[in-house]
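Student: Structure incoming, see below.
The values are calculated or read from the model by the stated rules, or taken from the named source; none is laboratory data. Just so it is clear, the structure is predicted and the values come from calculations on it, not from any experiment. Ideal geometry is used to build each Cβ from the backbone, glycine not excepted, and the neighbour counts take in all protein chains shown. Accessible surface is based on the protein model in full, side chains and every heavy atom, while ligands, DNA and RNA are left aside. Shrake-Rupley method; radii C 1.70, N 1.55, O 1.52, S 1.80 Å.
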Amino acid sequence: MSGKFYITTPIYYVNDRPHIGHAYTTILADVLARFHRSLGHDTFFLTGTDEHGQKVQNAAEKRGVAPLQHCDETVVRFQELWKRLGITNDRFIRTTQAEHKRVVSEIMQELYDRGEIYKADYTGWYCVGCERFFTEKDLVDGKCPDCGRDVNAITESNYFFRMSKYQDWLIGHIKSNPEFILPAFRANETLGFLKKPLGDLCISRPKSRLSWGIELPFDKDYVCYVWFDALINYISGVGYRTDADNFANRWPASCHLIGKDILTTHSVYWPTMLKAMGLPMPKTIFAHGWWLTGNSKMSKSLGNVVNPMDMIDRAGVDAFRYFLLAEMSPGNDANFSEDAFIARYNSDLANDLGNLLSRVSKLTVRATGGVIPEPVESGDGDAELAQAVADAVAAMEESLRSFKLDQGINAAMNAVRAGNRYLEKCAPWTLAKEGKTARLHTVLHNAADAICRVAVLLEPVMPEKMTELLGVLGVAPGTIAGISALSGFKSVAGCVMKETTPLFPRIIVEEETPAPAAKAEKKGEKKTEKTVPAAAVEPVGLVTIDQFFQTKLKTARVLAAEKVEGADKLLKLQIEVGSETRQLVAGVAQFYTPDEIVGKTIVIVANLKPAKIRGIESQGMLLAAKDGKNLKLVTVDGTMPSGVEIG
Ligand code: MSP
């Protein structure tokens, strides 16, 4: 591996609410960056947000705020989540930053001056409702692919980048650089796409349709197409045209980590843009699969997103990082479910790793007061355990090259399981009873040493927990500086171990207990007066003040609303609750149109357990008064920001 490592994530649409799909890419990049830093490589990790375009403009308009203010308010969702997840990015770039805008503008001017960008008439199909252009092949039965309405043929002038002229060069580059697009089947996918003639890329949008973007320096009536602007972040983020030394030091990138849905923009648009600019190609574009829930892609519009915060609250940051990386083989899709999360947590972390550590620490404290002994007498099982650890180190090193971290993690867990088998086989508790101290000391030493090496391997994945684990082993922070220092590390002998409380407490899944009446019915008993619980005969309908305040009522602003297909009564709302955006499904469609409800400040139950309504997640409930045929939303008097508690 070279001495430099520059890794990027896609820049996320600032409008979106971060979900585990975004978290996955960012955690994978973080773990790779941490590994490379530990290998002594000069590492740079860039992430950020994509802030121009139609969706941001629309959302800002709906809220009645300037687009930049909207971005400033929503970008924090990503920044705060990355902080919470322990992401060690070196820079967070926003495409609205002056420096980035200047670089994009200069690139456009240069390409225009060199004839790489030209103006031409363009005929496309325009959907007035969606305010979007589509090509002939985008249409579904001649209608808008998004809303199904009629589209109009419109001819407008636009600016085009001569992408087509680089088609042959790009095919050659992909074929002669097998690491350029990974996994290899994604390179084939791109080559398949390149079998058809490549068109030129429309890189402008008339301001009459979209004004929220970077103005073309040579025509003030247009803004830059959002993808042309966004891709440039990978070079503007490391000093292209602003800091020559930094740029020369960082570029080309070692790896652009992306999801499979943005393969074409990265493997076709971006390389041809770089070629036109005369810049070297990134070494690797790695496209991972999707996180699915219930076998469909997690997405805001489907309402099946998993909020990372919920999982973090449940099991901690490190367990969440571990699960995402261990569960997904990055080339393929993976299915997310809470059951899978809990099952893996309990088996890998609570059982295998947690138990191994607590058994070894208890036995060592009992045998030597905690001092990890020198190995004295070798025996059966020693070589097998040492081999499992060596295999784990080799697999982790390989997984850094292939980006398939799940394989390295899996090998590390195999070593943990080998450690547990080793204890079963050598039975140190029996050795202790029988006074076979020489062999006992060796077994305790070998098991502790294996745990230590695995902890170093897993440290970039679970930085806090593995530091804690090494602390239990008595290995001072910084003693082993990462994976490459393992071969030079003699052993843990002499370190003083502490007895530990469980590092990963088991998650207990509470079975739903049937209510007393239901229990009686189950047994076939008749429900009688006697089976009614005592509380039911006390005055009903009264709550204490404490009980009332268990329900958190908050103000919320409706940002967007749409009808739920196939459900006359339901509206799907996107609401702002302070700095948070939530989705809520409400049975108000017969009383309010989407247009009437957008912009209202309503009252919601903010701590209601999320529920699925018609398969769409609803995160809360709005309050309304209903009287026969009338329904009126509960709103607050005067003006009040969203997210304010009511009580
Ligand atoms: N803004 C563009 C990227 C521009 S990069 C120059 C964009 N943003 S995005 O927010 O929609 O998506 C960012 C990344 O998240 C993409 O790599 C996408 O594949 C990934 N994911 C979004 N949903 C996902 C899953 N359900 N699962 C895994 N990753 C997915 O596209």
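Student: For E51, work out the one condition from (1) out of contact with any strand residue (DSSP E or B) (no Cβ under 7 Å at 6 or more places or on another chain); (2) within 16 Å of the ligand (Cβ to nearest atom); (3) among the acidic types (D, E) it doesn't fulfil.
Tutor: All conditions pass for E51, except number (1).
Student: Additional query: For region 158-199: of the residues being in contact (Cβ under 8 Å) with a residue 60 or more places away in the chain and in a loop (DSSP other than H, G, I, E, B), which is farthest from G289 (Cα to Cα)?
Tutor: Among them, the one singled out is R162.
Student: Select, from K572, K632, the only residue that is among the basic types (K, R) and open to solvent by less than 30 Å² (accessible area, probe 1.4 Å).
Tutor: K572
Student: Among residues belonging to region 9-27 that are within 8 Å of the ligand (Cβ to nearest atom) and open to solvent by less than 10 Å² (accessible area, probe 1.4 Å), point out the one that is nearest to D90 (Cα to Cα). Talk me through it step by step, then tell me what you get.
Tutor: Of the residues in region 9-27, the ones within 8 Å of the ligand (Cβ to nearest atom) are 9-13, 16, 19-22, 24-25.
Then keep just the ones that are open to solvent by less than 10 Å² (accessible area, probe 1.4 Å); that gives 9, 20, 24-25.
Working: T9: 12, I20: 21, Y24: 18, T25: 16 Å.
The selected residue is T9.
Student: Quick one: W429 ticks every box in (1) open to solvent by 10 Å² or more (accessible area, probe 1.4 Å); (2) at pLDDT below 95; (3) not charged (D, E, K, R) except a single one, so which number is it?
Tutor: (2)
Student: Filter region 241-268 for residues that are within 12 Å of R186 (Cβ to Cβ) and polar (S, T, N, Q); which is least open to solvent (accessible area, probe 1.4 Å)?
Tutor: Checked region 241-268; the qualifying residue least open to solvent (accessible area, probe 1.4 Å) is S267.
Student: Does at least one position in region 447-460 carry a residue that is surrounded by fewer than 21 Cβ atoms within 10 Å (Cβ to Cβ) and either assigned to a loop (DSSP other than H, G, I, E, B) or at pLDDT below 95 (or both)?
Tutor: no
Student: As an exercise: evaluate D30 against (1) more than 10 Å from the ligand (Cβ to nearest atom); (2) at pLDDT 95 or above; (3) buried (at least 18 other Cβ atoms within 10 Å of the Cβ); (4) more than 19 Å from I93 (Cβ to Cβ) and give the number of the one condition it does not meet.
Tutor: Result: D30 fails condition (4) only.
Student: Determine, yes or no, whether L68 is away from the ligand (no atom under 12 Å from the Cβ) and modelled with pLDDT of 95 or more.
Tutor: yes
Student: So the check is Cβ under 9 Å with 6+ separation or different chains; which pairs have a first residue in region 10-23 that's under 16 Å from W290 (Cβ atoms) and a second one that's within 6 Å of the ligand (Cβ to nearest atom) and of a type in the set (V, I, T)?
Tutor: From residues that are under 16 Å from W290 (Cβ atoms), the pairs are P10/T25; P10/I258; P10/I262; Y12/T25.
Student: Let me ask something additional. Applying the selection to region 363-380, what residues are farther than 16 Å from K490 by Cβ, open to solvent by less than 30 Å² (accessible area, probe 1.4 Å) and in contact with a Leu (Cβ under 9 Å, 6 or more places away or on another chain)?
Tutor: Matches in region 363-380: L363, T364.
Student: I'd like the residue in region 33-48 that is part of a helix (DSSP H, G or I) and at pLDDT 95 or above and, out of all such residues, is farthest from the ligand (Cβ to nearest atom).
Tutor: Here the answer is R37.
Student: If I filter region 211-240 down to residues being of a type in the set (G, A, S) and touching a His at 6+ places or on another chain (Cβ under 7 Å), which single residue comes out as least open to solvent (accessible area, probe 1.4 Å)?
Tutor: Applying the filter and picking the extreme gives S236.
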